[in-house]
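Below is one structure, written out as structure tokens; the observations come after it.
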Amino acid sequence: MSPAERDDSSTATGGLDRAAAILAAFDPTHRELTLAALVARCGMPRSTTHRTAEKMIRLGWLDKPKDRYRIGNRLFEISGLVPIRHELREAVLPFLQDLYNATRTTVQLGVLEGAQILVVEKITGHRPMPMLSQVGGTIPAHCSALGRAILAYSQASTVEAVIAAGLTPRTPRTITTPVGVLRELAAIPDRGWAMEREEGNIGVSCVAAPIFGPLGDVVAALSVTGPTSLVKADRIGPAVRLAAAAASRAYSTRR
């Protein structure tokens, strides 16, 4: 590689790193940012942040209708091409809708990313639950039914990595010992669904079941989440398990 090519490569890499830092400044609680807030959250000099953000606006990666920056529509368009949305979500969505129609309670689709569950889709209907993560948000795998439904069928190394990342309590009910988590995971295959009772949010419970790919490996999980008084595992569990099994067949055929 010539010196000029190395310089071009270095410049491109630096530009991508700066753009990545700006995108990382946004999250579900910081959807719109002033320039000052963007500088504070991305950690770059003001001039660098402003210059990079203006380039990102021209690319459609950011938008700035007034004095605040926000994620641009172009990134939304591109995100629709990601396999997890284009393939998994489209295959599973009809079964999420069926499950919502049967339970009239929030349903979610999630995949494992490290020690977290990434929420890929959610249907809430007319009963919103603001304490739950939005689509694109994450929740800890160790204390969520979605996470447990996936971990119960994952390799031991995956489970060990989640436990090693820390079993931080979210409520007084959160199981925070490796033995307790492993006991929960061991019980899931026999009944076909996972559960958590007020471990993520007091007053909220969840039942989830795994979704498998064409090779028999677990790829995701779907769940029903709602007030503890409504989400009874013995009543909701069989419906969740059947929906997940149907979704697995649809996803495997699509693949």
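Where Lys and Arg each count +1 and Asp and Glu each count -1, what net charge lies around Glu196 among other residues with Cβ under 9 Å from its Cβ?
Taking every Cβ under 9 Å from that of Glu196, the sum is 0.
With a point put 7 Å past each Cα toward its Cβ, work out how far Ser79 is from Glu160 in nm, to one decimal.
With each label placed 7 Å out from Cα toward Cβ, I get 3.5 nm.
Hey, can you list the DSSP H helices of the chain whose Cα span along the axis is 24 Å or longer and whose average Kyte-Doolittle score is at least -1.0?
3-24, 233-254
Using the beta-carbon distance between Ala246 and Arg68 and R0 = 45 Å, what value does 1/(1 + (r/R0)^6) give for FRET efficiency, to the nearest 0.05?
Computed FRET efficiency for Ala246 and Arg68: 0.55.
Obtain the nm distance between the two label points defined at Ile57 and Arg197 by a simple spin-label model: each point lies 7 Å from its Cα along the Cα-to-C-beta direction.
A separation of 5.4 nm, rounded to one decimal place.
If I take every Cα pair under 8 Å that is 6 or more residues apart in segment 83-254, average their sequence separation and divide by the length, what percent do I get for the relative contact order?
Over segment 83-254, the number comes to 25 percent.
Read the figures in this text as sums done on the coordinates, not as results from a lab. All figures in this text were calculated on a predicted structure; none of them were measured in a lab. Every residue, glycine as well, gets a Cβ built from its backbone with ideal geometry; the counts of neighbours run over all protein chains shown.
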